[in-house]
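Values in this text are rule-based calculations from the coordinates and carry no lab data. Since this is a predicted model, take the numbers as computed values, not measurements. When we count neighbours, we look across all protein chains shown, and the Cβ atoms used for this are built from the backbone with ideal geometry, even at glycine.
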Amino acid sequence: MIEDKEQKRTSLNALGEFGLIDHLTKNFTIQHTSTLKGIGDDAAVLEFKDKMMVVSTDLLVEGVHFDLSYMPLRHLGYKAVMVNLSDIYAMNAVATQITVSVAVSNRFPLEALEELYDGIALACTKYNIDLVGGDTTSSKTGLFISVTAIGEVDKEDISYRSGAEAQDLLVVSGDLGGAFMGLQVLEREKEVFKVNPNNQPDLEPYTYIVERQLKPEARKDIVEILQLLGVKPTAMIDISDGLSSEILHLCKSSQVGCDVYEDKLPLDPTVISSSEEFKLNSTIAALSGGEDYELLFTINQKDFDKIKGNPNLTVIGYMTDASQGANLVARGGSKVPLTAQGWNSFSGED
Ligand code: ADP
Ligand code: MG
């Protein structure tokens, strides 16, 4: 093995493909009885008995979905798993297994992949997920990481995007706009660093929003809370692509309209203060910032008492007849059509 003792950069070539896979995956253990065979054969073998199985995949590309100049590899590994688990939870399912595929250029040493897998391992431990396979290959430039997540759900519990009905309440978990504002802070610091590499940024006041960007958590807890409360969402969707575009998806799939109230959108104080600092509109950050790994769902009004007062959940509006369209009711009371970018009256500013 060729090791550079000072920087500890072990060449990937030194290990070979099988040595590398073995090295990266040897500490992962299997937790679920549904995993009959994990890593080590031509395919993983899973058995879900009388449950339904849900599957989702995302591909993350360096320079497109992440920037390694401020994204530590450990966080990237963690986030790549979260991105996928979020889609499983959005089906009201329990995530059980993942596969992880990576393509790396030779500019990455073994130590970099170890960091990436540390983040993946942490996510697996925290969310009780079995790593059951993947693929490892080289790329000409940059890093690619693709995760496939698998989950299980009882047939009667599954939540599609298409089940919302007029009069249902529209509910969102957590708070909005944080990941987008965190990205603004990181991009600004990157520019400052380019000009003066000795400048040590003080990110302390922005901890919450920077973590929303770099270390998001998928909302496993929301699926558990809803189960506990005996609430089955009539429709559910993950809002990582932005709240307003996902509201529109939900409305379209369910063939309903909706009224969303601007003054109900849950915002962390840091999102409000940083929006002011960056001269951005916090409502736009909440509606179209994206990368908030939160769940958006609809419930029948009879379930309102069960969820009201829960600090994790906010009712932001209600569904209407499709003919009413999807609207934002602004603070002043005026109603404007929602667009994928936010809402119409601000489309010129986006
Ligand atoms: P194949 O020739 O069938 O593609 P590989 O030699 O690539 O098999 O993989 C051997 C085993 O290691 C398989 O179980 C595969 O799923 C697993 N594996 C390969 N790459 C990774 C990875 N990056 N992370 C986790 N498991 C992996
Ligand atoms: Mg392979």
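Tabulated values for the structure
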{"quantity": "GluC sites (Glu not before Pro) lying in DSSP loop within region 133-186, provided at most 16 other Cβ fall within 10 Å", "calculated": "Glu165"}
{"quantity": "Selected from Glu294, Glu217, Glu276 as most flexible by GNM, with the chain as the system and alpha-carbon contacts under 10 Å", "calculated": "Glu276"}
{"quantity": "Extension reserve of the Asp154-Gln31 stretch, reckoned as 0.36 nm per residue once the Cα distance is removed", "calculated": "42.3 nm"}
{"quantity": "Taking region 2-153 and dividing mean pair separation by its residue count, relative contact order in percent (alpha carbons under 8 Å, at least six apart)", "calculated": "37"}
{"quantity": "Angstrom value of the Kirkwood radius, inverse mean 1/r, which spans all Cα pairs in the chain", "calculated": "21.6"}
{"quantity": "Candidates Asp175, Asp154, Asp87, ranked by Gaussian network fluctuation over the chain, Cα under 10 Å, top entry", "calculated": "Asp154"}
{"quantity": "Relative contact order computed over the chain (Cα-Cα under 8 Å; 6+ residues apart), in percent", "calculated": "20"}
{"quantity": "Under the Debye formula (equal points on every Cα, no solvent term), log10 I(q)/I(0) of region 2-153 at q = 0.18, 0.19 Å⁻¹", "calculated": "-1.07, -1.18"}
{"quantity": "Sum of -39500 (n - 2.57) over DSSP H runs of 4+, divided by residues of the chain (222 nm, nearest 500)", "calculated": "-10500 deg cm²/dmol"}
{"quantity": "Cβ-based exposure ranking for Ser138, Ser34, in which fewest neighbours within 10 Å come first", "calculated": "Ser138, Ser34"}
{"quantity": "The chain - charge dipole about Cα centre, Lys and Arg +1 at Cβ, Asp and Glu -1, debye rounded to 20", "calculated": "120"}
{"quantity": "Ranking of Phe180, Phe304, Phe108 by count of other Cβ atoms within 10 Å, fewest first", "calculated": "Phe304, Phe108, Phe180"}
{"quantity": "Hits among lysines - C-alpha to C-alpha of Lys155 under 20 Å, sequence gap 8 or more where chains match", "calculated": "Lys49, Lys51, Lys220, Lys232"}
{"quantity": "Residue among Ile284, Ile88, Ile21 with the largest mean-square fluctuation in a Gaussian network model of the chain, springs linking Cα atoms under 10 Å", "calculated": "Ile21"}
{"quantity": "In nm, spacing of pseudo-spin labels at Gln167 and Ser105 (7 Å Cα→C-beta vector)", "calculated": "5.9"}
{"quantity": "Positive-end residue of His65, Thr125, Gln324, charge dipole of the chain with Cβ unit charges", "calculated": "Gln324"}
{"quantity": "Simple Cβ-charge dipole of region 169-343, Lys/Arg +1 and Asp/Glu -1, about Cα centre, in debye nearest 20", "calculated": "420"}
{"quantity": "Packing-based exposure ordering (other Cβ within 10 Å, fewest first) of Thr314, Thr96", "calculated": "Thr314, Thr96"}
{"quantity": "Distance in nm between pseudo-label sites at Ala330 and Asn13 (7 Å out along the Cβ direction from Cα)", "calculated": "6.2"}
{"quantity": "Pairwise centroid distance, computed over Cα atoms, of region 48-101 with region 103-140, Å", "calculated": "12"}
{"quantity": "Inter-label distance for Glu191 and Val55, nm, one decimal - labels placed 7 Å from Cα along Cα-to-Cβ", "calculated": "4.4"}
